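Undergrad: I'd like to ask some things about the structure below.
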Amino acid sequence: MAVIDRVLELSEQEVERTLAQTLARFSDRHRDLAETLEHNFGLIAHRLGAEIKVGRARRQLIGAYFTQEYALEAAALFNPSIVAHPDQAGCRSGEVRFVMSLRAVGEGHMSSIEFRSGTIGSDYEIRFDPPGRFLDTGCPRPVLYDRDLFHEKLAEFGHEDENARFLWSILPSRFTSAELDIALAKLSKQHVTRGDSAVLADKARWMAASNYTVEFDERHDLSERVLWPTGPAESHGMEDARFVRFTDGDNQVYYATYTAYDGSLVAPQLLETSDFRTFTVSQLSGPSAKNKGMALFPRRIGGRYTALSRWDRESNAIGYSDDGHRWSEAITIQAPTRPWELIQLGNCGSPIETPVGWLVFTHGVGPMREYAIGVVLLDLDEPERLIAALPEPLLVADESEREGYVPNIVYSCGAMIHGETIVLPYGCSDSSVRTATVDLSLLLERLMPS
């Protein structure tokens, strides 16, 4: 309020002059800076009270004093995943258009999810489209909530008492934020006989805010869309999205599991989109949905959703789910045994289906915290059965890739197959991104020489 009071004391001439200077200096860096300043003024307008009226110029100037630029990639840009673009119109024979997600890190080590697009040619040359000039964090809005998911997730937080049972008894199986508010109000009215209900209410609202939809303007380029931390579960960052094009019968949808970080806890969450314009964010529950590095298979196996899990933070495991949100116990399939992965193992994105098995790129951490990318092959029908593992790393950082924000790292969040070639994008020491191409038949020969 002290800053607002200072702006209110400025003369009209000072307001007009300062605003004009600000717009002249910053407008070419943003799509509609004046609208942004009006919006940001609206976020703090309640501080003025109803009795204080200000004109348009003073509103925008107040908004400017509560606005700052943020460089999304200032600290790091890394950990890509790649999938076929939902729109392949205009591609020539042998070409495929792709979408690449990237983890961007800015001031305060805040992570967000960015996108790039491009084409892979018939000659396997990767061509990136020029990125757009302006960035957009979209428009978040609430979704319908799943009572059973809330039940299980809150039970993980220790809320499985009489208060919780009362709440579930008055909520429908699918409910809105308004219905949640009504149910919590009913719970609050019984505070005399239901102690500590406020703690449950706070956590339920926290969960509701962590499940949402964000929509982007279709006129804005894909590379201008940024998934920015919105819910409290990800208040300190959205990390390492692993996108996969998921096929279920005749339907196709894109899923991504990513790491939500709230400043103290990490947990995998789920993104869902069909067009990379509207994204739905959902929390996950169950033993397999723990820690970092969860990655979905591109189709159901035996009628169930299947995922790679790193629930114990050091091994590769498999988990199953009937609905894609509530996950089973994890089945460990690979533990650290070789010198280049003795600290920990994990996946490098969703498995790729081949005629002889599920191809999984892995990451291992060895001496001096050096990362390497390896490969394993899993059974098509029983993915918890490991068929083969490459005895040595497929990829380690060369001398040109070792220096960066976090040195000596190569890491990927997802590859795609094009013809008989695998395109594997990877982050180099958390500071840049390169792409490798791998001949599938030669790789399978190395995995299974017999």
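The values are calculated or read from the model by the stated rules, or taken from the named source; none is laboratory data. Treat the numbers as computed from the prediction; the structure is a model and nothing was measured. So basically every Cβ, Gly included, is an ideal-geometry build from the backbone, and we count neighbours across all protein chains shown. These accessible areas exclude ligands, DNA and RNA; they are computed on the full protein's heavy atoms, side chains included. Shrake-Rupley method; radii C 1.70, N 1.55, O 1.52, S 1.80 Å.
Undergrad: Inspect all residues belonging to the stretch 378-385 and state whether any of them is outside any strand (DSSP E or B), more than 19 Å from A307 (Cα to Cα) and in contact with a strand residue (DSSP E or B) (Cβ under 6 Å, 6 or more places away or on another chain).
TA: No, there is no match, as no residue in the stretch 378-385 is outside any strand (DSSP E or B), more than 19 Å from A307 (Cα to Cα) and in contact with a strand residue (DSSP E or B) (Cβ under 6 Å, 6 or more places away or on another chain).
Undergrad: With the structure loaded, tell me whether T230 is among the hydroxyl-bearing types (S, T, Y), part of a loop (DSSP other than H, G, I, E, B), touching a residue at least 24 places away in the same chain (Cβ under 8 Å) and closer than 30 Å to N79 by Cβ or whether it fails that test.
TA: Considered against the rule, which asks whether it is among the hydroxyl-bearing types (S, T, Y), part of a loop (DSSP other than H, G, I, E, B), touching a residue at least 24 places away in the same chain (Cβ under 8 Å) and closer than 30 Å to N79 by Cβ, T230 comes out as yes.
Undergrad: For R6, state whether it is surrounded by 16 or more Cβ atoms within 10 Å (Cβ to Cβ), among the charged types (D, E, K, R) and farther than 30 Å from I120 by Cβ.
TA: no
Undergrad: Take I343 and decide whether it is within 23 Å of L284 (Cα to Cα), surrounded by fewer than 18 Cβ atoms within 10 Å (Cβ to Cβ), free of Cβ contacts under 8 Å to residues at least 60 places away in the same chain and of a type in the set (A, V, I, L, M).
TA: no
Undergrad: Here's a check for you: in the stretch 37-54, which residue that is open to solvent by 40 Å² or more (accessible area, probe 1.4 Å) and of a type in the set (G, A, S) is farthest from the chain's Cα centre (by Cα)?
TA: Here the residue is A50.
Undergrad: Here's something else I'd like to know. Say we look at the stretch 324-340 and pick out the residues that are assigned to a loop (DSSP other than H, G, I, E, B) and among the hydrophobic types (A, V, I, L, M, F, W, C); which of these is surrounded by the fewest Cβ atoms within 10 Å (Cβ to Cβ)?
TA: A335
Undergrad: Any idea which of L386, L378 is modelled with pLDDT of 95 or more and crowded, with 20+ Cβ neighbours inside 10 Å?
TA: L378
Undergrad: Right, here's the next one. Quick check on my filter: what residues within the stretch 389-413 are β-branched (V, I, T) and open to solvent by 60 Å² or more (accessible area, probe 1.4 Å)?
TA: V396
Residue by residue, here is whether (1) within 30 Å of V406 (Cβ to Cβ); (2) of a type in the set (A, V, I, L, M, F, W, C) holds:
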{"residue": "A84", "(1), (2)": "yes, yes"}
{"residue": "L102", "(1), (2)": "yes, yes"}
{"residue": "S117", "(1), (2)": "yes, no"}
{"residue": "F128", "(1), (2)": "yes, yes"}
{"residue": "E160", "(1), (2)": "no, no"}
{"residue": "L180", "(1), (2)": "no, yes"}
{"residue": "Q190", "(1), (2)": "no, no"}
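Undergrad: Further, regarding this structure: Scan L180, L222, L200 and give me the residue that is at pLDDT below 95, surrounded by 18 or more Cβ atoms within 10 Å (Cβ to Cβ), within 28 Å of the chain's Cα centre (by Cα) and under 30 Å from S309 (Cβ atoms).
TA: Residue meeting the stated conditions: L200.
Undergrad: Here is a follow-up. So, of the residues in the stretch 192-227 that are charged (D, E, K, R) and part of a strand (DSSP E or B), which turns out to be nearest to P140 (Cα to Cα)?
TA: For the stretch 192-227, the residue satisfying everything is E215.
Undergrad: Sort out which residues of the stretch 302-311 are surrounded by fewer than 18 Cβ atoms within 10 Å (Cβ to Cβ) and either modelled with pLDDT under 95 or assigned to a strand (DSSP E or B) (or both), and write them in order of number.
TA: Result: R304, single match.
Undergrad: Still on this structure, please answer the following. Is the stretch 375-386 home to any residue that is of a type outside the set (A, V, I, L, M, F, W, C), in contact with a helix residue (DSSP H, G or I) (Cβ under 8 Å, 6 or more places away or on another chain) and closer than 17 Å to M448 by Cβ?
TA: No, that holds for no residue.
Undergrad: Next question, about the same structure. State all residues of the stretch 271-285 that are over 23 Å from L222 (Cα atoms) and touching a helix residue (DSSP H, G or I) at 6+ places or on another chain (Cβ under 7 Å); if no residue qualifies, say none.
TA: Matches in the stretch 271-285: Q283, S285.
Undergrad: Still on this structure, I have one more. I'm trying to understand the selection: among the residues of the stretch 414-450, which are touching a helix residue (DSSP H, G or I) at 6+ places or on another chain (Cβ under 9 Å) and either open to solvent by less than 50 Å² (accessible area, probe 1.4 Å) or among the aromatic types (F, W, Y) (or both)?
TA: Residues satisfying the conditions are T421, I422.
Undergrad: Find the strands (runs of 3 or more DSSP E) located wholly in the stretch 65-146 whose residues include 3 or more that are closer than 29 Å to Y212 by Cα and open to solvent by 70 Å² or more (accessible area, probe 1.4 Å), and list them.
TA: Correct list: 139-142.
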